[in-house]
Protein chains: 2
Amino acid sequence: MNGRFRKCMYGAGTDFLIPAILAVLKKEPVHGYSLLEKLSAIGLNTSFFHPSILYRTLRAMEIHGLVSSNWDLQTSGPARRVYSITKVGEDFLENWCSTAMENIQLIQKIVDIAKGGE
Amino acid sequence: MNGRFRKCMYGAGTDFLIPAILAVLKKEPVHGYSLLEKLSAIGLNTSFFHPSILYRTLRAMEIHGLVSSNWDLQTSGPARRVYSITKVGEDFLENWCSTAMENIQLIQKIVDIAKGGE
DNA sequence: GTCCTTATTGACAAATTGCACATAGGTGTT
DNA sequence: AACACCTATGTGCAATTTGTCAATAAGGAC
């Protein structure tokens, strides 16, 4: 099963990627590569998308003002772009959370109907 | 706020469109136009996408074997394409439901972290 | 020097979406 | 008859998004 059908399964959708990134960044600024681990830790299936998608999403979020970035040249290894959440990003996340409950209810309702309830 | 950012908000994503369609079709076969009302009734925000997207999604689902269709020429008005769920579609829906709980937990976790918990 | 790991980005085809428009049958109106 | 309107489905095309692969770059291990 390919494309949108695979994507609509758990954790694959990038719909959860943006709020998940914002939630992680709200705790502390981090760089893209370590975000992969942190996102995986909170339950997002990171194996469904390539790292490049995460980086691209972060850049898109920066362009739209949800996050800001600074280069970290002090650590060993290649340079890291460290992302921080902005006020706009915090508002966006808060907004997302307030509708998340309706989101959950919709999922629950689909499950109920699928199981023959109602 | 445009594109993917608007889309990641409640109900807008077509990630819920496919399982919602399957859940409705599991109760009874219906045609595309009436699906709009039924999807709206269970809580999916249908104003976020044009009817043509629903039709295109249904055709894609048929191509992938999740649903099958027959023309209903007996009713008054223009012909209706009536969709029914297939065995493949039922399996897909069941599969989606079994991961839906993890989906809910992920949303809950993002909300918790966003609210400063954990 | 060569290989591996971390870390980020670019390029390009394929898929998906947004939007407008086309088609078509039926009903009511002037 | 001509017109507008509602139901019902579909197409075309540009714009956006995704999937995949490859490029770059710094440092450590051997």
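Pairs of Cα atoms in the protein assembly as shown fall into 5 Å distance bins, from 0 up to the last occupied one, in shares of 1, 6, 14, 17, 17, 14, 11, 8, 6, 3, 2, 1, 0, 0, 0 percent. Between amide H atoms placed 1.01 Å from N, distances below 5 Å from A:Arg81 occur with A:Gly32, A:Asp72, all of them 5 or more places distant or on a separate chain. Computed extension length for B:Asp91-B:Ser68: 6.8 nm, one decimal, from 0.36 nm per residue of separation with the Cα-Cα distance subtracted.
Axis angle, to the nearest 10 degrees, between helix B:17-27 and the longest C-alpha principal axis of chain B: 50 degrees.
The angle between the Cα long axis of helix A:32-41 and the longest principal axis of the Cα atoms of chain A comes to about 30 degrees, rounded to the nearest 10. Sorted ascending by nearby beta carbons within 10 Å, beginning with the fewest, A:Leu36, B:Leu54, A:Leu44, B:Leu73 become B:Leu73, A:Leu36, B:Leu54, A:Leu44. Per-residue 3J(HN,Hα) values for the range A:65-71, derived from phi via the Karplus relation 6.51 cos²θ - 1.76 cosθ + 1.60 with θ = phi - 60°, read x, 6, 9, 10, 9, 9, 7 Hz in sequence order (x marks Gly and Pro).
Averaged over B:96-105, how many beta carbons belonging to a partner chain fall within 10 Å of each residue's beta carbon?
6
Divide the volume of the convex hull around the Cα atoms of chain B by the residue count and you get 124 Å³ per residue. Just to confirm a number: summing +1 for Lys and Arg and -1 for Asp and Glu over residues other than A:Ser84 whose beta-carbon lies under 14 angstrom from that of A:Ser84, what do you get? In short, +1. Summarising the amide proton neighbourhood of A:Val67: residues at separation of 5 or more, or on other chains, whose placed amide H is nearer than 5 Å comprise A:Glu62, A:Thr86.
What 222 nm value per residue comes from the helices of chain A, counting each DSSP H run with n ≥ 4 as -39,500 (n - 2.57) and dividing by all residues, nearest 500 deg cm²/dmol?
On the way: 5 runs with 67 residues, N = 118.
Taking each H run of at least 4 residues, the total per residue is -18000 deg cm²/dmol.
Please tell me which of these pairs span more than 28 angstrom C-alpha to C-alpha: A:Lys26/A:Lys109; A:Lys109/B:Lys7; A:Lys38/A:Lys115; A:Lys7/B:Lys87? Going by Cα-Cα distance, A:Lys26/A:Lys109; A:Lys38/A:Lys115 fall outside the 28 Å limit.
To the nearest ten degrees, helix A:87-114 and the longest principal axis of the Cα atoms of chain A are 30 degrees apart.
All of the numbers you see were taken from the coordinates with simple rules; none came from a lab. Because the structure is predicted, anything quoted here is derived from the model rather than measured. In this analysis, Cβ positions are derived from the backbone assuming ideal geometry, glycine residues included, and neighbour counts consider all displayed protein chains.
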